[in-house]
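The values are calculated or read from the model by the stated rules, or taken from the named source; none is laboratory data. Remember, predicted model here, so these are calculated numbers, not experimental data. With ideal geometry, Cβ positions are generated from the backbone for all residues, glycine too; neighbour counts draw on all protein chains shown.
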Amino acid sequence: MPKVKDSNIVQRKSDTVIVKKEQLTSILYTKADETRSDVAKKKVTYLIGNAQVKYGDMQIDADYIQLDIAANTVFARGKQDSLGKIVGAASATQAGKTYEYTEFNYNLKTGQAIAFNARTEESEGVIVAQKTKKYNDSVFFMRRGKYTTDEYFLKKKDSLSDYYLLAPNIKLVKGKNKSSVITGPVQLYIEQVPTPLIMPFAILPFSDKRSAGILIPSFGEREDVGFFLNGIGYYQPLGEHFDLKILADYYTKGSYNIRPEVNYAKKYKYNGNLNLDIGNTVRGIKGLDDYSKTATYRISWRHSQDTKSNPLLTFAASVDVVSNKFYNNNINNNYIFNQNTLNAQQNSTLSVTKRFLRLPITITGTSSYSQNFSSGIGSIRLPQMNVAINQFYLFTPKTGIREGLLENINVNTGFNFTNSSNFEDGKIFQKEMFDNLQTGLTNSIQLATNTTVAKYFTVSLGGQINNALTTKTLSKEYNPVLNVIEDTMNKGIAGFSTFTTNASMNTTLYGTKIFKKGSAIQGIRHVITPSVGFSYSPDFSRENFGYYRNYNTIAGALTPYSIFDGGIVGSPSSGEIGALTFSLNNNIEMKVRSKTDSTGSKKVKLFETLSIDGSYNFAADTNPWSAFSIRGQTSVFEGKLNINTNLTLDPYETIFLAGETSGTRSNNFGAFSVQGFGLQLSYPLSEAIFGKQEDLSKKYKSKGEIRNEVYYFDENNYARFQQPWTLNINAQYSYTRNLTLFGTKVASVGLDGTMNLTPYWSINGSTFYDVVSKKLDYTRIGFTRDQRSFSINFNWVPFGQFKVYDFFIGIKANILSDTVKYEERSFQQPNAVF
């Protein structure tokens, strides 16, 4: 390019202008289809058509540029139509960042600028401001700025975004590795329509690193506790591996929650989180009968270790401790909507496992705490240690291949040490817990071997010795004054030893029936797996063992009991056992002709499993036969309908005394009364069952554009699209008698499914009908709308103890997913009892 002085008039497409050092500090390059200079104003140059100005790291591209060297200013403008309306954007690029605008004023000397309708892309989104003022390379002020993460708007496939955040005033601060936007009041607009979500301010950090910030709450109303703000809080990173989130819930009737959360992670080492939930739930009006105030707490800790970090030593934690009736009284609405109010038990566990390179031993130490909300009983095991010795063989084969009973003899053994206590929930580490504490030590030695006899029969032999020590034993005694049986736990070390032996043999039998050619049924295959076994153990309730004693009932009958009943190590069995056990498992398949299968036939499973189990005790004086158990599982309608069933038959007659509802087994064999029956059915339905989905791209030639790409259009311009749906039908029935006169029945039918009304609208729900009580139980209906940049969800539980509706709007972009949302819930709890 030729170098010229600033006073020259040059009619060329590209120029280089060198100015005096006191005016500019860098060379100014210009380029345009047409260049003009003002004769009266010798230092003003006009660049028209594909105009470009380069100065330092700044490049300005526009349809029209006015360059005033004397004032050190550049004015740029986008392309205009015949009416003077700007229809094409101009741009400015600095330090690799491009900004678009309609009009632009730039000071070459100070670097300051003013732009109108400037478009600035930051991180996942874009800001379009009515007026933008650049103070320096790091600080920008904007008026009436709109921020959106709409993918279509970002890629300029659409001129209108489906949502944006509107702020009257915005400050953009750009750093070397981090940028951030600070705004005044912000309002969410969806499809150009304002929403009720107005935030007093917003801070949006644009960085790969974590940044501290305020967390915006959801809001709404709940009938029993008033209007609320849920989840208002603050997020703070704590170094490289930790972060802290402090959330609060507040209700106008006085209820509140404080919920600090700590998350931590170290790559290839461990990760976990610690959550606390502490608050007060206030219901009703103070001074009236319905007023209540309940303190609640929850401590939750999860920790997992990467197995690669130390395969010889691992630690894991799953701790969840709550106050009594926590879920029924907490004001965190998610517990209600997620059905946590139905929780009957809470369990916590800590475990440490140690392995050795050269020793065949694994040591596991655990501590556990269990809360039963129905009984109000807590149970703790602290500490509990298990030493497991890896399985080993007594004899080494000479050939390297184990054959015969001797070479297959293997031993499994180990020790288990436990401290355990049961107590009223909420009294952990109090006197009651320590008074009920029991200590136990158990050891088990198992020997087993197997071999094949006559090629088709597998024979197995085994034996087991159990040893136990405990620090407490039981005494039962009739108290004639109170007319009750009193149980007393006695301190003192006591123990017992038991042993059992067993032998079994099993094989597999095959049966096939082939039908004549042309028959619809081509063949039936029956696989039978019979198994016969024998087990023996002596009667450990005999007096010489010393494990059992007698007490007199209220009626004066002498009744035996084990001194280890209710203890931590269990009790030795009573009664001699010399039982012959048997089982018969069946699998039946049928091959039928099929026009749809390429082979011309297909398999149909009549019974995937049909088994019968039972036993006969030769050592028993009465009722040697056990109850017979029959179980079956199959699927029909091409495997869609799954059927599981079970049946328990007692071969002996049950006798009931007058006025009694519980009976006893007699010696009358042959009654085969039903003591239990169960049937479970499940059928998953979907549109795929009723035929293959058609390829819309081959059937329809017209396809939607700009936000409608998923739609196809027919000759009448009607939209065509796939509508996938699922419907799962579950039914169950169970009858349990257990020697009672009437027994109990449970029967229910459940439905759950989803359906896409359009590619972006879906409906989902579930319901549960109790056939016995003839009532609908938990029922939920939900709608989901995918707006591409954000999602809308509505869920409704119309009846039950907790009536809930939930409305949620959430931005999908990661930077806004936890910040910009509108959430409203309403709860009704008529006649609720807590």
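Cβ separations smaller than 9 Å between residues 6+ apart or across chains give the following pairs from segment 183-203 residues that are free of Cβ contacts under 8 Å to residues at least 60 places away in the same chain and within 12 Å of GLY145 (Cα to Cα) to residues that are in a strand (DSSP E or B) and of a type in the set (S, T, N, Q): THR183/ASN169; GLY184/ASN169; PRO185/ASN169; GLN187/THR195. Considering segment 694-724, the residues that are touching a Leu at 6+ places or on another chain (Cβ under 8 Å) and either of a type in the set (Val, Ile, Thr) or outside any loop (DSSP other than H, G, I, E, B) (or both) include one that is farthest from GLY678 (Cα to Cα), namely TYR712.
Per the conditions (1) without any contact (Cβ under 8 Å) to a residue 40 or more places away in the chain; (2) part of a loop (DSSP other than H, G, I, E, B), the sole criterion not satisfied by LYS109 is (1). Looking at this structure, is GLY400 buried (at least 17 other Cβ atoms within 10 Å of the Cβ), not acidic (Asp, Glu) and not assigned by TED's automatic domain parsing to the domain that holds THR471? Answer is no for this residue. Residues that are in a strand (DSSP E or B) and either charged (D, E, K, R) or in contact with a helix residue (DSSP H, G or I) (Cβ under 7 Å, 6 or more places away or on another chain) (or both) within segment 775-789 comprise LYS775, ARG780, ARG785, ASP786, listed in sequence order.
The set of residues from segment 73-106 being touching a residue at least 24 places away in the same chain (Cβ under 8 Å), assigned to a loop (DSSP other than H, G, I, E, B) and either farther than 21 Å from THR149 by Cβ or in contact with a helix residue (DSSP H, G or I) (Cβ under 7 Å, 6 or more places away or on another chain) (or both) comprises GLY78, GLY88, ALA95, THR102.
Per the conditions (1) modelled with pLDDT under 90; (2) closer than 30 Å to ASP425 by Cα; (3) surrounded by 15 or more Cβ atoms within 10 Å (Cβ to Cβ), the sole criterion not satisfied by ILE246 is (1). Selection over segment 249-266 of residues that are within 18 Å of ASN280 (Cα to Cα), among the polar types (S, T, N, Q) and either buried (at least 16 other Cβ atoms within 10 Å of the Cβ) or modelled with pLDDT of 90 or more (or both) gives a count of 2.
So that you can scan it fast, the table gives a plain yes or no per residue for (1) assigned to a helix (DSSP H, G or I); (2) at pLDDT 80 or above:
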position: THR296; (1), (2): no, yes
position: THR314; (1), (2): no, yes
position: VAL319; (1), (2): no, yes
position: ASN324; (1), (2): no, no
position: TYR335; (1), (2): yes, no
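ARG788 passes every criterion in (1) more than 21 Å from THR726 (Cβ to Cβ); (2) within 21 Å of the chain's Cα centre (by Cα) apart from (2). PRO560 meets the conditions (1) under 51 Å from the mean Cα position of the chain (by Cα); (2) in contact (Cβ under 8 Å) with a residue 24 or more places away in the chain; (3) loosely packed, with under 15 Cβ neighbours inside 10 Å in every case but one. The failed one is (2). Between SER662, SER673, SER635, SER629, which is surrounded by fewer than 13 Cβ atoms within 10 Å (Cβ to Cβ) and under 26 Å from VAL746 (Cβ atoms)? Answer to the check: SER662. Listed by first and then second residue, the pairs with beta-carbon distance under 6 Å, at least 6 apart or on different chains, first residue in segment 753-773 and assigned by TED's automatic domain parsing to the domain that holds ASN730, second in a loop (DSSP other than H, G, I, E, B), are ASN756/GLN723; ASN756/PRO724; PRO759/VAL710; PRO759/PHE721; THR767/THR779; PHE768/ASP777; PHE768/TYR778; ASP770/ASP777. Is segment 154-173 home to any residue that is at pLDDT below 85, under 29 Å from ALA95 (Cα atoms), under 32 Å from the mean Cα position of the chain (by Cα) and assigned to a strand (DSSP E or B)? No, segment 154-173 contains no residue that is at pLDDT below 85, under 29 Å from ALA95 (Cα atoms), under 32 Å from the mean Cα position of the chain (by Cα) and assigned to a strand (DSSP E or B). Checking ASN410, ASN416 one by one, the residue that is over 22 Å from ASN450 (Cβ atoms), in contact (Cβ under 8 Å) with a residue 24 or more places away in the chain and surrounded by 15 or more Cβ atoms within 10 Å (Cβ to Cβ) is ASN416 and no other.
Within segment 298-312, the set of residues being among the aliphatic types (A, V, I, L, M) and part of a strand (DSSP E or B) comprises just one member, ILE299. Scanning segment 454-504 for residues that are touching a residue at least 12 places away in the same chain (Cβ under 8 Å), not aromatic (Phe, Trp, Tyr) and not in a strand (DSSP E or B) yields one hit, ASN483.
So that you can scan it fast, the table gives a plain yes or no per residue for (1) at pLDDT 85 or above; (2) in contact with a Leu (Cβ under 9 Å, 6 or more places away or on another chain):
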| position | (1), (2) |
| --- | --- |
| GLU34 | yes, yes |
| ASP61 | yes, no |
| LYS79 | yes, no |
| GLY88 | yes, no |
| GLY96 | no, no |
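For segment 726-766, a residue qualifies if it is surrounded by 15 or more Cβ atoms within 10 Å (Cβ to Cβ), part of a loop (DSSP other than H, G, I, E, B) and aromatic (Phe, Trp, Tyr), and exactly one does: TYR760.
For ASN324, the stated conditions hold: it is surrounded by 13 or more Cβ atoms within 10 Å (Cβ to Cβ) and out of contact with any strand residue (DSSP E or B) (no Cβ under 7 Å at 6 or more places or on another chain). Take PRO560 and tell me if it is modelled with pLDDT of 90 or more and within 27 Å of VAL459 (Cα to Cα). In short, no. Selection of first residues in segment 273-298 that are over 10 Å from TYR256 (Cα atoms) and free of Cβ contacts under 8 Å to residues at least 12 places away in the same chain and of second residues that are hydrophobic (A, V, I, L, M, F, W, C) and surrounded by fewer than 19 Cβ atoms within 10 Å (Cβ to Cβ), restricted to Cβ pairs under 8 Å at least 6 apart or on distinct chains, gives the following pairs, ordered by first then second residue: TYR291/ILE285.
Taking the listed residues VAL710, VAL674, the one that is touching a residue at least 24 places away in the same chain (Cβ under 8 Å) and over 36 Å from the mean Cα position of the chain (by Cα) is VAL674, with no other qualifying. Scan SER583, SER519, SER541, SER531 and give me the residue that is hydroxyl-bearing (Ser, Thr, Tyr), surrounded by 14 or more Cβ atoms within 10 Å (Cβ to Cβ) and outside any strand (DSSP E or B). Result: SER541 is the single residue among SER583, SER519, SER541, SER531 that is hydroxyl-bearing (Ser, Thr, Tyr), surrounded by 14 or more Cβ atoms within 10 Å (Cβ to Cβ) and outside any strand (DSSP E or B). In segment 568-578, is there at least one residue being in contact (Cβ under 8 Å) with a residue 12 or more places away in the chain, in the same structural domain as SER537 (by TED's automatic domain parsing) and farther than 26 Å from ASN466 by Cα? Within segment 568-578 (the criterion being in contact (Cβ under 8 Å) with a residue 12 or more places away in the chain, in the same structural domain as SER537 (by TED's automatic domain parsing) and farther than 26 Å from ASN466 by Cα), the answer is no, since none of the residues qualifies.
One residue stands out in segment 796-828 among those that are at pLDDT 55 or above and in contact with a helix residue (DSSP H, G or I) (Cβ under 7 Å, 6 or more places away or on another chain): the one that is nearest to GLU709 (Cα to Cα), namely ASP806.
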